[in-house]
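Each reported figure results from applying straightforward, stated rules to the coordinates on display, with no laboratory input. Quantities reported herein were computed from a predicted structural model and do not represent experimental measurements. Here the Cβ positions follow ideal geometry from the backbone for every residue, glycine too, while neighbour counts run over all protein chains shown.
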Amino acid sequence: MTFRDRTTNVDALRSWRGDVEADYIYTTGVAGERFFTELRDTGRILAAHCEACERTYLPPRMYCEKCLGPLSDWRPVRGPATVEAVTIASVDAHGNRPPEPEVWAVLRWRGIHGGLVHRLAVPPKQAKPGLKVHPVLRPAGSRVGNITDILYFAP
Amino acid sequence: MRKVACIGAGMTLFRRRLQETPKEMCWEAARMALDQAGLEIGDVDAVVFGSAPDAFDGIHMKGENVLDACGGIGRPYVRVFTGGGTGVFSPIAAYWHVASGLFDCVLVVNEEKMSSCQPHPQSVFGHIWDPILDRPLKPNLVWIFAMEMNRYMTVHNVRYEDVAAVAVKNKRNAVGHPCAQLADPHITVEDVMNSEVMAWPVHRLDISPPSDGASALVVCSEEFARTHRIESPVWFAGVGWNIDTTFWTDRDLYFPEYLANAAKIAYKQARITDPRRQIDFAEPYDPFDYKELHHMEGLGLCKKGEAPRLTREGVTQRDGDLPTCPSGGLLGVGNPIAATMGIKVGELYLQLSGQAGQRQIPHEVRTGVTNAWGDLMQFSSVVVMRA
């Protein structure tokens, strides 16, 4: 069906290195502006509520994905987040091993559609689904309005 | 709609760092598929090309770059894209080209050259995340799969050994595949369990390798197959596709709803009401071992949480009651994203026409199903085929 004997050593072939040069600027958007400004200034995590669909979105959006109506009812999430799934990352995207494995999790809040993926500050052995955690933020003066204003989640 | 057949398949070797350019790989696969069908490009009315992100090959708008090698010049030619779902989606596009009555014979070519991307194609995945919410956290693609695997294993209380058994089965099945990159006749569950932990619970051998490769199919109408005296046409019995939300946190990761929805469409068309009984074998998409289990359940081939047991009991072995990934799958043959068409729809064609050689399922098979999984891991395409 095909040939088995072919070189797979690219250095032995005529080859060259190149790149696709492109740089970008991203805006946080209308909903993102409000979400991150609130996180920076008050430390609150806001969700957006659709009255018609009885759904509260985190991360908040300016529209409801179900009815495509506009969303204007913003409310902070309450109570601890629950860890739904975890991973313990031993290798980064470049194949390098960080000094300590990093724990990452899918986090959910009661009554909220969606949630966040973020870092967990617990030893790997304690990283289990079902754990209740709270966000730990940078000190008020040093927040910049970015998702990394949340340093991690901890019990 | 008209009946549509697959009448030829071809694929290149799946490897890292092949010398061939994307065009050259496309040509090789296209030539093989035409030769198998006993046709020339002059017999082809239209061409469908499928590939995942341009960033792998490093050629922006690569569909145009490979056009000449696919026989697309002067013909209706279209590129379709559903990320990793493209491997089963471009045959669906070819299906509707023919079923609609617009064309009688369509060549489908899928290609990916992942090794061009330096230092590793993983770096391209760094740019699929939301630039505001996700990217500042420097997410790694494997984490997300690891969390999905963790959720699946948590909900169903699945043992890791039963997940690793999928990698063992597929890498062993790939021994009979002439294009295979990671076939291993001696691999054991212990080998998988003892391989390097990438992002717990995912180990290195739970993951399919990035590959270079291309594959091609020839798809035609019933009348075309008859007038060209095609000996073993294999029929498209049903097709479907579906997509869920892009937000990981908006889904319960333990079950692929998007796949269940896609399968529902395909099964309705194929008049399948009891997939476990009416389907003889499957090629579920297996870029990770747990995904084969996930996809068997999404395809309705077993109850939710039951796939690990079927694997443990040998039901999914090539000589079992429901062979899955008899090709060797992505875990054994390799994962040049869109080009996995050759081991998914391509394998259905080869098995159902009795041309799978060493990999042929030893008992008679009449109906097969396959799926691919893609976009931002929220999409599935499904094809059911019959001999």
(request) May I ask you to work out the translational diffusion coefficient for segment A:25-154 at 37 °C, viscosity 0.692 mPa s, via Stokes-Einstein with Rh from the Kirkwood sum over Cα pairs, reported in whole µm²/s? (result) 207
(message) Defining a contact as two alpha carbons under 8 Å apart and six or more residues distant in sequence, what relative contact order in percent does segment A:25-154 show?
(response) 23
(request) Could you please report the charge total around A:ASP41, scoring K, R as +1 and D, E as -1 over all other residues with beta-carbon less than 11 angstrom from its beta-carbon? (result) +2
(message) Neighbour counts of other C-beta atoms within 10 Å: give me B:HIS97, B:HIS120, B:HIS127, A:HIS49 arranged from fewest to most.
(response) B:HIS127, B:HIS120, A:HIS49, B:HIS97
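A 32 angstrom limit on the alpha carbon distance is what I want to check against. Which of A:LYS125/B:LYS291; A:LYS132/B:LYS344; A:LYS125/B:LYS304; A:LYS132/B:LYS171 exceed it?
Pairs exceeding 32 Å: A:LYS132/B:LYS344; A:LYS132/B:LYS171.
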(request) Could you grab the Rg to Rh ratio for chain B? Cα atoms only, Kirkwood for Rh. (result) 0.94
(request) Taking all pairs of distinct Cα atoms, average 1/r, flip it, and tell me the Kirkwood hydrodynamic radius of segment B:21-166 in Å to one decimal place. (result) 17.7
(request) Tell me which residues come under 5 Å, amide H to amide H, from A:ALA85 once H is placed; ignore anything under 5 positions away on its chain. (result) A:VAL106
(request) Calculate the dipole size of segment A:17-155 relative to its Cα centre from +1 charges on Lys and Arg beta carbons and -1 charges on Asp and Glu beta carbons; express the result in debye to the nearest 20. (result) 600
(message) Test of understanding: given chain A, find the longest segment containing no GluC sites (Glu not before Pro) that are in a DSSP loop and have at most 12 other Cβ atoms within 10 Å.
(response) A:55-155
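When Rg is the radius of gyration of the Cα atoms in segment B:193-332 and Rh is its Kirkwood radius, what does Rg/Rh come to? Please report the intermediate quantities before stating the final value.
Working: Rg = 17.5 Å, Rh = 17.3 Å.
The Rg/Rh ratio comes out at 1.01.
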(request) Taking chain A as the reference, fit the longest principal axis to its C-alpha atoms, fit the long axis of helix A:29-42 to the helix C-alpha atoms, and give the angle between the two in degrees, 0 to 90, nearest 10. (result) 70
(message) Charges at C-beta only: +1 for Lys and Arg, -1 for Asp and Glu. How large is the resulting dipole of segment B:130-222 about its Cα centre, in Debye rounded to 20?
(response) 100
(request) For segment B:310-372, state which GluC sites (Glu not before Pro) are in a DSSP loop and have at most 14 other beta carbons lying within 10 Å of their beta carbon. (result) B:GLU313, B:GLU364
(message) Restricting to DSSP H runs of at least four residues, report the calculated mean residue ellipticity at 222 nm for the protein assembly as shown, -39500 (n - 2.57) per run over all residues, nearest 500 deg cm²/dmol.
(response) -7500 deg cm²/dmol
(request) Give the residue from B:ASN140, B:ILE73, B:GLN36 lying farthest towards the positive end of the charge dipole for segment B:22-151; charges sit on Cβ (+1 for Lys and Arg, -1 for Asp and Glu) and the dipole is referred to the Cα centre. (result) B:ASN140
(request) Starting from the Cα of B:ASP130, step 7 Å along the direction of its Cβ; do the same at A:ARG34; then give the gap between the two resulting points in nm. (result) 1.5
(message) Kirkwood hydrodynamic radius, the protein assembly as shown, all distinct C-alpha pairs: what's the number in Å?
(response) 24.1
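What translational diffusion coefficient, in µm²/s and rounded to a whole number, does the Stokes-Einstein relation yield for segment B:108-157 at 4 °C and a viscosity of 1.567 mPa s, taking the hydrodynamic radius as the Kirkwood radius over Cα pairs?
98
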(message) Of all beta bridges DSSP finds with both residues in chain B, what is the antiparallel percent, to the nearest 5?
(response) 70
(message) Using square roots of five times the C-alpha gyration tensor eigenvalues, list the equivalent-ellipsoid semi-axes of segment B:324-387 in whole Å, biggest first.
(response) 21, 14, 8
(message) Below 19 Å, Cα to Cα, which aspartates and glutamates can B:LYS3 reach? Residues fewer than 8 away in the same chain don't count.
(response) B:ASP43, B:ASP45, B:ASP104, B:GLU222, B:GLU223, B:GLU231
(message) How far apart, in nanometres, would the label points at A:ILE25 and B:ASN157 be if each is projected 7 angstrom from Cα along the Cα-to-Cβ direction?
(response) 5.7
